[in-house]
Amino acid sequence: MDLLRSKINKAMKEEFVGNFIFTKEELTFIYDEAGHILRKICNEWGGELSHADYELIFVALVNLSKEWDVDEKSALFKFYYKKLLGGQENSTTKIYNQIIKVVDDLNKSKRIFVLDYYKKKYYATLCSHSFAPVSSIESFFDMCWDIYCKDLAQQYIKNDSVFSLITKSLQNKFSSSLNSSDEDFEIGSKVYSFRAGVRGLAIDEPKLMTYLLDKTMESIHSLFSNEPLSLNKYINVLINNWWKKKEQTFGIEKHTRTNMKHEYIIADYSQINAKYILENGVAKLFISPIRLLDNFNYEPYIKIKSCGEIVKHEKMITSGSGILMSTKAYECELSELLFDKDIDISIEITHCNQIIYDSKDSLSREFILFNDSKEMLSQDCLPGIYFLYVCDFESLTRCPNDIHASPLKNTYSIEAVEGDVLQCNEKTVFFIGEKSNRDFYFFVKERNDVLFRSKGEEYKVVDGELCVDVALNIDIRNYGVRYEGSLFKLSDFNYTIINDRRRFQISILLNVGEPQHISIFKYSDNSICERINLIKFNNIKVIFDKALYFDEECIGTVKFITEKYNEENQFNINDSEVTIPISNGKLVLFPPVLKWRIDNGEWKLNKCAHQIWYKNFTNSSILSIELPKTMTCNAILNNNDTIEQRGNKLDFKLGQTIYSLKENIKDASNSFSLCIRTNTDQLYFLAEIFYRETFIDEPIYVFSNFYQIYWNPKNYIGDRDSIFKFEILNDNVVIYSKELTTRKETLKIFNISEGYYKYRVILKNKGFLSKQKELYSKEFVFGDEKKLKYKDKILFIQEVMLFDSVNAEKMRPIYIDTINFIVSKDGYDYYSGLLFVINKDGKKIYLNSMKDENDSFIKVNPLRIEFMNEKFACIMYGLDTSNDEITVYDGFYLDGMGKTTICERAFGKKTKGIDYFIFEVRKNV
């Protein structure tokens, strides 16, 4: 009992008490104890529950609620009384008052939450803790699936702020309909069967609703990505069962994730950012999808001006579940917009007459330079191939020699070499490599982890002073400084000699927190020797809430602190950049992330969603890691086998190590866990690599009512040309066999009667001496399992629970055979059976009739059996098989000799009414 009390205590510490899973034996004991305690209270004058029993009673009620699936709130407490009191309904008011006292006391001591929003708050509270009824929580899963597909683009981010937004939306919708808490609810075009437990959670416990949304989305994402779901929590068991049914609605083919490029939805209006992209050679204006924060029934409007004139003013298309709504990604070809010479675009997005984005002059350009699809905003670019978009080619004062017009309007291809310059009146781009041999260069404390963007230009972020270093052989009288349109002689500034160079202090020109342009020029030919765009701060601190972001740590917070500013923002590492609006522009910061890839694959910022077969890469395959510059790591397998590093980079000889290790493994394991351990001793799991063939999910789906088996080896790990042997066994004898490949197939099974069987999948050998390997086996049923459950079984009964009795009572053994399923009704399964005893000679004597008190023979067989669980059953005699109402004559009694009877009196004494029978299932021999 101490161990069970400990488990009950653990259950009470769960956010939802019903999330803790007890075994059937433990629940039987809990129900027995709770029933014993409550019946004792019923039979005692002024009896009260002990505080020590509150947790046990509450856990019993919560777990009983899981078994209740009648969609009528008035039936829940009757269900409790039937299960715990055995029909003793004359004291239900007293017990109801005791249950209320238990719930209120546990709530006051902050051991459970209680939902107050609904007039029947105890019903709502118990439903919420138990996720009951099942139809309600499954409707909640349906809503989450709809949001996952329509609003989240089949992506999941742990602790995403969107879950709080969903909760707020639900809270507003449910609060407006408090009087219909147990009626179907329409959201958007969907109707959901939310009941009091779900609705009350959104209204009274928004933090718990947000927590439940997060956990549900995480589980849905795992199942959708074909990842196994841990079934150690009840909510996961419910989600897993719901998903199996949901998959059937997709068709037989499993709904699988494809490697699509997803656009991340902007969840904060301050992060809206219009930008220029190049797609298939076409220059476009692009705005990522925007999640609306309120007023979901109204679309935002976008207004685009070109050279001050409105060229587009239209609704932005929205989509979503109705609980959340987002705009579609907006894009427009630049050729559709009218330009004179410069690219002068401004954008304003409004929602319900409020401006949520104003680009101001951030999109004004003289030209746009693209590297692949991305616009280059830096004034210094490496030599290479670029694309240029410019409306007036004649406005370029300098450009590389290798420049060619493309078939598309205003678009040019450039192959820039070292020293090339692309220049117009107000913008210059240098194509340069090393700077160390230049006669002039700026000496600053530049922050490499942050930069600043404003009006289409990129600025270096300087912490402190700005200097210019000049070679000693330079005649400084021929050089000047241009600062924001003002001219100064270089010789006017003080300097010191450092490392055989003159270092001029020009920080006196700079204003703190403002984007500024400075250039060094030569008077004699007016050439620019060096230039810099910068923004100056003092004592910069960039503080991330994590030292390293990976996988679940993909949502983070960063602070930018200086003498003048203290800014904070949240970000998603999949966006690769963090932006903080400041000084008519945006600070851009780069979070410390862990990236990895194998060979030349795509860089990943999270663990691999799918298991990897070791033959997918070669003996020479390399694992590459990217970490912040201050960090290093070791790559390991199974926490102990170190992977050799190649060269000075974080490249590791993964293929060589795996091919070497797998030859020497003698244990029963199938896979390696690929991890890295950083120099801060943090362990990060990257992927699971299998070196033995296996199935990571069921390859067989049995449709027993149709006598069909669906073979779907999608989750097979091994060679794609593998051959399998599929066998069906009955009592270890093979009765069906077929050869299968890695292609899915439907098997029609004939000439197999209803019954329990076992199947197994065997990997066939490829060589003459190779052994065959059993990869998967499972028991299954053909036909109606309820009809087969007690086939060739008997019930052996020698104990009963009597009405108003606390303990079980012994009786003379009786037996029931010929047990046949009749119907499921009100959540219970009803069977018929024949009652018999065994005489001293070992022969069956069927009690087809018994004498009543008037010595008249009353029909007994067949019986009606109502199974309460795997141990208890209510049994009535005289079943009427002529109609569908499963009516019976009456229940049994126990006389003073321990015999089963139908008489209320026997041997001159009153018999005792039997509440339910305690049975044991045996084989009928």
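The values are calculated or read from the model by the stated rules, or taken from the named source; none is laboratory data. Since the structure is predicted, the reported quantities are computational estimates derived from the model, not experimental observations. We place every Cβ from the backbone using ideal geometry, glycine too, and count neighbours over all the protein chains shown. Side chains are part of the model used for accessible areas, which takes the heavy atoms of the whole protein and leaves out ligands, DNA and RNA. Shrake-Rupley method; radii C 1.70, N 1.55, O 1.52, S 1.80 Å.
Restricting attention to the range 745-764, the residues that are part of a loop (DSSP other than H, G, I, E, B) and surrounded by 13 or more Cβ atoms within 10 Å (Cβ to Cβ) add up to 4.
Going residue by residue through the range 444-456, is there one that turns out to be among the hydrophobic types (A, V, I, L, M, F, W, C), under 18 Å from Glu514 (Cβ atoms) and modelled with pLDDT under 90? Let's see the steps before the verdict.
Let us first name the residues in the range 444-456 that are among the hydrophobic types (A, V, I, L, M, F, W, C), namely 444, 450-452.
Next cut, under 18 Å from Glu514 (Cβ atoms) only: 444, 450-452.
Going one step further and asking which of them are modelled with pLDDT under 90, we end up with 444.
Among the residues of the range 444-456, at least one is among the hydrophobic types (A, V, I, L, M, F, W, C), under 18 Å from Glu514 (Cβ atoms) and modelled with pLDDT under 90, which makes the answer yes.
Scanning the range 667-718 for residues that are part of a strand (DSSP E or B), touching a helix residue (DSSP H, G or I) at 6+ places or on another chain (Cβ under 8 Å) and aliphatic (A, V, I, L, M) gives Leu674, Ile689.
Checked against the criteria, Glu183 counts as out of contact with any helix residue (DSSP H, G or I) (no Cβ under 6 Å at 6 or more places or on another chain), at pLDDT below 90 and more than 21 Å from Cys554 (Cα to Cα).
Against the conditions (1) open to solvent by 80 Å² or more (accessible area, probe 1.4 Å); (2) closer than 30 Å to Thr901 by Cα; (3) of a type in the set (Lys, Arg), Lys771 satisfies every one except (2).
The set of residues in the range 360-401 that are of a type in the set (Gly, Ala, Ser) and crowded, with 20+ Cβ neighbours inside 10 Å contains only Ser362. On the stretch given as the range 621-667, residues that are within 19 Å of Asn679 (Cβ to Cβ), among the polar types (S, T, N, Q) and out of contact with any Pro (no Cβ under 9 Å at 6 or more places or on another chain) total 8.
Can you tell me how many residues in the range 382-440 are assigned to a strand (DSSP E or B), among the aliphatic types (A, V, I, L, M) and out of contact with any Lys or Arg (no Cβ under 6 Å at 6 or more places or on another chain)? The qualifying residues number 8. The residues of the range 517-550 that are without any contact (Cβ under 8 Å) to a residue 40 or more places away in the chain and open to solvent by less than 70 Å² (accessible area, probe 1.4 Å), listed by number, are His517, Ser519, Ser527. Residues in the range 140-152 that are out of contact with any Gly (no Cβ under 9 Å at 6 or more places or on another chain), open to solvent by less than 30 Å² (accessible area, probe 1.4 Å), of a type outside the set (Phe, Trp, Tyr) and modelled with pLDDT under 90: Leu152 alone.
For first residues located in the range 29-44 and in contact (Cβ under 8 Å) with a residue 40 or more places away in the chain, partners that are of a type in the set (Ser, Thr, Tyr) and in a loop (DSSP other than H, G, I, E, B) and lie 6+ apart or on another chain with Cβ distances below 6 Å do not occur. I'd like the full set of residues that are open to solvent by 50 Å² or more (accessible area, probe 1.4 Å), under 23 Å from the mean Cα position of the chain (by Cα) and modelled with pLDDT under 90, limited to the range 682-719. The answer is Asp697, Lys714. Of all residues in the range 900-921, those that are within 22 Å of Asn848 (Cβ to Cβ) and open to solvent by 90 Å² or more (accessible area, probe 1.4 Å) total 1. Of Asn670, Asn619, all but one fail to be in contact with a Phe, Trp or Tyr (Cβ under 7 Å, 6 or more places away or on another chain), at pLDDT 90 or above and of a type outside the set (Ser, Thr, Tyr); the exception is Asn619.
Of the residues making up the range 497-515, those that are without any contact (Cβ under 8 Å) to a residue 40 or more places away in the chain and closer than 27 Å to Phe431 by Cβ are Arg501, Phe504. The residues of the range 642-668 that are of a type outside the set (A, V, I, L, M) and either touching a residue at least 24 places away in the same chain (Cβ under 8 Å) or open to solvent by less than 40 Å² (accessible area, probe 1.4 Å) (or both), listed by number, are Arg646, Lys649, Asp651, Phe652, Lys653, Gly655, Gln656, Thr657, Tyr659, Lys662.
Looking across the range 471-491, the residues that are surrounded by fewer than 13 Cβ atoms within 10 Å (Cβ to Cβ) and assigned to a loop (DSSP other than H, G, I, E, B) come down to Leu472, Asn473, Asp475, Glu484, Gly485. What about Phe617, is it touching a strand residue (DSSP E or B) at 6+ places or on another chain (Cβ under 7 Å) and closer than 25 Å to Lys662 by Cα? The answer is yes for Phe617. Whenever a residue of the range 409-433 is in contact (Cβ under 8 Å) with a residue 24 or more places away in the chain and at positive phi, its partners that are assigned to a strand (DSSP E or B) and open to solvent by less than 20 Å² (accessible area, probe 1.4 Å), lying with C-beta atoms within less than 6 angstrom and at least six residues away or across chains, give the pairs Asn410/Tyr389. Taken together, Ile902, Ile858, Ile875 contain a single residue that is closer than 23 Å to Lys791 by Cβ and touching a residue at least 40 places away in the same chain (Cβ under 8 Å), which is Ile875. Being touching an Asp or Glu at 6+ places or on another chain (Cβ under 9 Å), assigned to a loop (DSSP other than H, G, I, E, B) and open to solvent by 30 Å² or more (accessible area, probe 1.4 Å) holds for only one residue in Lys791, Lys810, and it is Lys791.
Let me confirm something: among Lys825, Lys840, Lys810, Lys871, which residue is out of contact with any Phe, Trp or Tyr (no Cβ under 8 Å at 6 or more places or on another chain), within 30 Å of Ile41 (Cα to Cα) and among the basic types (Lys, Arg)?
Lys810
Given the criteria open to solvent by less than 20 Å² (accessible area, probe 1.4 Å) and in contact (Cβ under 8 Å) with a residue 24 or more places away in the chain, does Phe726 qualify? Yes: the conditions hold for Phe726. Taken over the range 729-744, the residue count meeting the criterion of being open to solvent by 60 Å² or more (accessible area, probe 1.4 Å) and either acidic (Asp, Glu) or within 34 Å of the chain's Cα centre (by Cα) (or both) is 4. Within the range 371-396, work out how many residues are touching a Ser or Thr at 6+ places or on another chain (Cβ under 9 Å) and either under 16 Å from Phe430 (Cα atoms) or of a type outside the set (Phe, Trp, Tyr) (or both). Qualifying residue count, the range 371-396: 6. I need a count of the residues in the range 115-126 that are open to solvent by less than 10 Å² (accessible area, probe 1.4 Å) and closer than 17 Å to Phe174 by Cα. Final tally of qualifying residues: 3.
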